[in-house]
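The values are calculated or read from the model by the stated rules, or taken from the named source; none is laboratory data. In this text, all values refer to a predicted model and were calculated from it rather than measured experimentally. Cβ sites come from the backbone with ideal geometry, for glycine too, and all protein chains shown count toward neighbours.
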Amino acid sequence: MKLSIERVSKQYGAKRALDNVSFEMTEGVYAFLGANGSGKTTLMRILASVARPSSGRVLLDDVDIELLDEKYRDLLGYLPQHMGYYKNFTVEKFLFYIAALKGIEKGRAKAKIDELLQAVSLQEERRTKVGKLSGGMKQRVGIAQALLNDPKIIIVDEPTAGLDPKERIRFRNLMSTISADRIVLLSTHIVSDIEYIAKELLILKRGMLIQKAEPQHLLDALSGKVWTVTASPNELAAWQASHKVSSMLVRENGTELRILSENKPAPHAEEAIPNLEDLYLHYFDEEAAK
Ligand SMILES: Nc1ncnc2c1ncn2[C@@H]1O[C@H](COP(=O)(O)OP(=O)(O)OP(=O)(O)O)[C@@H](O)[C@H]1O
Ligand SMILES: [Mg+2]
């Protein structure tokens with residue numbers, strides 16, 4: 001299976017939300033990283049065929065998804081960034097309703113709903129009204145509905161927003177398991193969501209795809225540029241003003257700063273192994289500064 005994005009652009013009035021984006025995906029987990037407004041949702045909506053590109057096209061195994069139409073949607077599982085729920089439906093009823101919309105036969109839907117409620121740890125809430133769930137629980141209902149039709153292409157927009165750490169780990173493991181024979185595309189701001197499981201990272205900046213590579217490859221490129229230094233309280237402000245600081249850890253003998261720098265920032269600085277947070281900072285620091 002191959003999903004190809006070919007020179008896709010999206011224009012909203014004067015705003016260019018996507019600018020000539022091209023890439024390909026095969027089976028595995030792909031992760032979108034990008035600051036707010038960089039175009040992640042816009043691109044995911046196009047891939048989920050709920051929006052159309054202003055120019056360019058999307059092909060599944062070399063056939064335009066607009067031609068495949070229903071056949072493409074049958075393969076698709078989509079979790080929008082802001083999902084609409086029917087508050088008065090119970091969790092179970094809501095999932096049966098979505099299953100019916102997707103044309104899933106009742107017996108099969110029941111088996112799948114049981115399986116998915118377990119996968120997202122909502123068995124005990126199955127008869128609770130959706131309106132009474134917590135934010136993280138609602139999000140898990142959203143994840144479950146995206147997987148109802150056993151989709152081969154899974155597009156989930158910030159699926160872990162609001163999930164507690166335990167449920168985030170469960171979600172990560174679930175995606176990792178099911179991605180063996182599926183294309184999974186997810187967006188996130190939480191870099192630990194994609195550590196270990198992402199086959200490739202896609203970095204979007206102002207509507208442009210500026211990087212697409214294996215995480216390890218991108219981390220290797222940062223090698224020699226991440227340092228730790230220990231600073232006394234009166235040195236902290238100066239370090240923060242002059243360098244990109246990715247973390248600070250208070251220790252007995254001072255504060256340990258993690259710093260991004262092309263050169264060794266101080267004689268006593270020690271080289272550190274780059275992680276995904278350093279990577280994020282490397283690409284999005286200017287954005288954050290604005
Ligand atoms: N319907 C719309 N009309 C006009 N502009 C839009 C519309 N949808 C998105 N945009 C603009 O397109 C750009 C990309 O938005 P998008 O929602 O794709 O970003 P994002 O990367 O998903 O951000 P976030 O991390 O906040 O979810 C933004 O500048 C946004 O304001
Ligand atoms: Mg978004």
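Here are the numbers for this structure:
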quantity	calculated
Selection status of Asn234, away from ligand 1 (no atom under 16 Å from the Cβ), outside the structural domain of Leu257 (by TED's automatic domain parsing) and surrounded by fewer than 21 Cβ atoms within 10 Å (Cβ to Cβ)	no
Tally of residues being of a type in the set (Ser, Thr, Tyr), in contact with a Leu (Cβ under 6 Å, 6 or more places away or on another chain) and either away from ligand 1 (no atom under 13 Å from the Cβ) or over 23 Å from Leu68 (Cβ atoms) (or both) across the stretch 1-49	3
Qualifying position, being modelled with pLDDT of 90 or more and touching a His at 6+ places or on another chain (Cβ under 7 Å), among Ile259, Ile273	Ile259
Test: residue in the stretch 56-69 that is touching a Phe, Trp or Tyr at 6+ places or on another chain (Cβ under 7 Å) and either within 16 Å of ligand 2 (Cβ to nearest atom) or of a type in the set (Asp, Glu) (or both)	no
Subset tally (residues that are within 18 Å of Leu43 (Cα to Cα) and among the aromatic types (Phe, Trp, Tyr)) for the stretch 62-86	2
Selected residue (criterion: nearest to ligand 1 (Cβ to nearest atom)) from residues of the stretch 50-74 that are among the basic types (Lys, Arg) and without any contact (Cβ under 8 Å) to a residue 40 or more places away in the chain	Arg52
Top-ranked residue of the stretch 11-36 - restricted to ones that are farther than 26 Å from Ser176 by Cβ and either free of Cβ contacts under 8 Å to residues at least 60 places away in the same chain or aromatic (Phe, Trp, Tyr) (or both), ranked as nearest to ligand 2 (Cβ to nearest atom)	Asn36
